[in-house]
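Contents: one structure, followed by commentary.
The values are calculated or read from the model by the stated rules, or taken from the named source; none is laboratory data. If you're wondering where the values come from, they're calculated on a predicted model, not measured in any experiment. Note that each Cβ is placed from the backbone with ideal geometry, even for glycine, and that neighbours are counted across all protein chains shown. Surface accessibility is based on the protein's heavy atoms, side chains included, excluding ligands, DNA and RNA. Shrake-Rupley method; radii C 1.70, N 1.55, O 1.52, S 1.80 Å.
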Amino acid sequence: MDRVFKFFILAAAGMALAAAPALAGDEYQEKLESGLTRSLKNILGAPLEIPLTIRQYHQGEGRPVIRHTAGFFDGTFRMIAREFSGLTDTVLVFLPGEQDGIPLSPETLF
């Protein structure tokens, strides 16, 4: 009996989540498309954060080895943030009202 009850609860929750996009309207569809595009660009562009950040640090003052090392670690953290943003956008974009995502600067790299 316990298994049957759990099955019906999960089935009802699944149907409620599946019905939400159908009831949301055209604005939801537009935000869904732009959110999925943004998330895919962030997931694919995340590894580019490392060389772009190293290039930014290369133009600064100080010793080159220290600048490049700092740029590498800063780029790695930025890559992780962009990857996390893309992955959370992929999940949250399907929920109406939660399609803004995590703000990054710039929003996408390309």
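How about the range 51-109: which of its residues are within 29 Å of Asp26 (Cβ to Cβ), out of contact with any helix residue (DSSP H, G or I) (no Cβ under 6 Å at 6 or more places or on another chain) and part of a loop (DSSP other than H, G, I, E, B)?
Phe94, Leu95, Gly97, Asp100, Pro103, Pro106, Glu107
Those residues that are under 20 Å from Pro103 (Cβ atoms), of a type in the set (Lys, Arg) and open to solvent by less than 90 Å² (accessible area, probe 1.4 Å), I need them from the range 39-87; list them, please.
Lys41, Arg82, listed by residue number.
Ser105 is checked against (1) open to solvent by 40 Å² or more (accessible area, probe 1.4 Å); (2) of a type in the set (S, T, N, Q); (3) at pLDDT 85 or above and fails just one. What number does that condition carry?
Failed condition: (3).
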